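Q: One structure is given below, represented as structure tokens, and several questions about it will come after.
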Amino acid sequence: MIVVKRTDQGGRYLLEHANWVPSGSVRVHFDILHDGSSIFLKYFVREPQVRAVNSAFNSPVWEDSCVEFFISLDGEDIYYNFEFNAIGTVLGGAGRDRNSRDWLPVEVLEKIETKPSLGRDVIESLEEETSWTLEVRLPVSVLCHSKIDDLSGVKATANFYKCGDKLKQPHFISWKPVLTEKPDFHRPEYFGELVFE
């Protein structure tokens, strides 16, 4: 369980589960905190290759060097998936499972702020050990199918991921393990607990 604090010192957590295939030298940590009206994430990534060619909202960022945050608020039967490549491109969806999802509209995704340490220019392939960070601010208004104004005291389940389907070394790393036979991050039954302080 993660207790998400209302401070400028979020907890740092490791993505330690290499699901389905070895993750090689890829290492990922993340911070999470909130201020009542927004969730703040910061991913710290080190990997041997960086790819970030998708630059439009809801383009297939999971094929790039990608970090992801999936969340379901307590008492709801849907979850949100927010996916970001190394240059800050955003994909967002909501629904009950992998096969019943709706893309979040661009006017919702535009409310999400990203700050990529590698800048916003397309990266075809950076073939060297690289460390990069991505800071994200998710206002509660992007949880547009939920009735929520303040995160204080809210309980949720979530998982955090790193992937890169079109990298030379594809990998599928998570905070909580995903115990399926084939790669599938869209499995809310494997989410862990979040409590917003």
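Q: Does any residue of the range 133-142 turn out to be assigned to a loop (DSSP other than H, G, I, E, B) and among the basic types (Lys, Arg)?
A: Step one: list which residues in the range 133-142 are assigned to a loop (DSSP other than H, G, I, E, B), which gives none.
Within the range 133-142, none of the residues are assigned to a loop (DSSP other than H, G, I, E, B) and among the basic types (Lys, Arg).
Q: Does the range 119-128 contain at least one residue that is open to solvent by 40 Å² or more (accessible area, probe 1.4 Å), in contact with a Gly (Cβ under 9 Å, 6 or more places away or on another chain) and acidic (Asp, Glu)? I'd like the intermediate steps shown before the answer.
A: As a first pass, look at the range 119-128 and keep what is open to solvent by 40 Å² or more (accessible area, probe 1.4 Å): 120-122, 124-128.
Next cut, in contact with a Gly (Cβ under 9 Å, 6 or more places away or on another chain) only: 120.
Pick out the ones that are also acidic (Asp, Glu) and you get none.
No: the range 119-128 contains no residue that is open to solvent by 40 Å² or more (accessible area, probe 1.4 Å), in contact with a Gly (Cβ under 9 Å, 6 or more places away or on another chain) and acidic (Asp, Glu).
Q: Would you check which residues across the range 91-109 are surrounded by fewer than 17 Cβ atoms within 10 Å (Cβ to Cβ), in contact (Cβ under 8 Å) with a residue 40 or more places away in the chain and in a loop (DSSP other than H, G, I, E, B) and list them?
A: Listed by number, the list holds a single entry, Arg98.
Q: Do the conditions hold for Ala18, that is, is it open to solvent by 10 Å² or more (accessible area, probe 1.4 Å) and in contact with a Phe, Trp or Tyr (Cβ under 9 Å, 6 or more places away or on another chain)?
A: The answer is yes for Ala18.
Q: So in the range 180-197, with the set limited to residues that are farther than 20 Å from Gly92 by Cα and acidic (Asp, Glu), which one is surrounded by the fewest Cβ atoms within 10 Å (Cβ to Cβ)?
A: Per the stated criteria, the residue is Glu181.
Per-residue answers, yes or no, for (1) basic (Lys, Arg); (2) surrounded by fewer than 17 Cβ atoms within 10 Å (Cβ to Cβ); (3) in a loop (DSSP other than H, G, I, E, B):
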| position | (1), (2), (3) |
| --- | --- |
| Arg12 | yes, yes, no |
| Gly24 | no, yes, yes |
| Val28 | no, no, no |
| Ile32 | no, no, no |
| Arg51 | yes, no, no |
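Q: Cβ contacts < 6 Å: first residue on the phi > 0 side of the Ramachandran plot and modelled with pLDDT of 95 or more, restricted to the range 35-56; second residue of a type in the set (S, T, N, Q) and open to solvent by 10 Å² or more (accessible area, probe 1.4 Å), any location; separation 6+ or different chain. Result?
A: Within 6 Å, the pairs are Gly36/Ser152.
Q: Additional query: Being open to solvent by less than 60 Å² (accessible area, probe 1.4 Å) and without any contact (Cβ under 8 Å) to a residue 60 or more places away in the chain is the filter here; which residues of the range 143-179 pass it?
A: Cys144, Gly153
Q: Looking only at the range 131-142, filter to residues that are of a type outside the set (S, T, N, Q) and more than 12 Å from the chain's Cα centre (by Cα); which one of those is surrounded by the fewest Cβ atoms within 10 Å (Cβ to Cβ)?
A: In this case the residue turns out to be Pro139.
The values are calculated or read from the model by the stated rules, or taken from the named source; none is laboratory data. Given the structure is predicted, the values throughout are model-derived calculations rather than measurements. Here Cβ is always computed from backbone atoms with ideal geometry, including for glycine, and neighbour counts include all displayed protein chains. Accessible surface areas use protein heavy atoms only, side chains included; no ligands, DNA or RNA. Shrake-Rupley method; radii C 1.70, N 1.55, O 1.52, S 1.80 Å.
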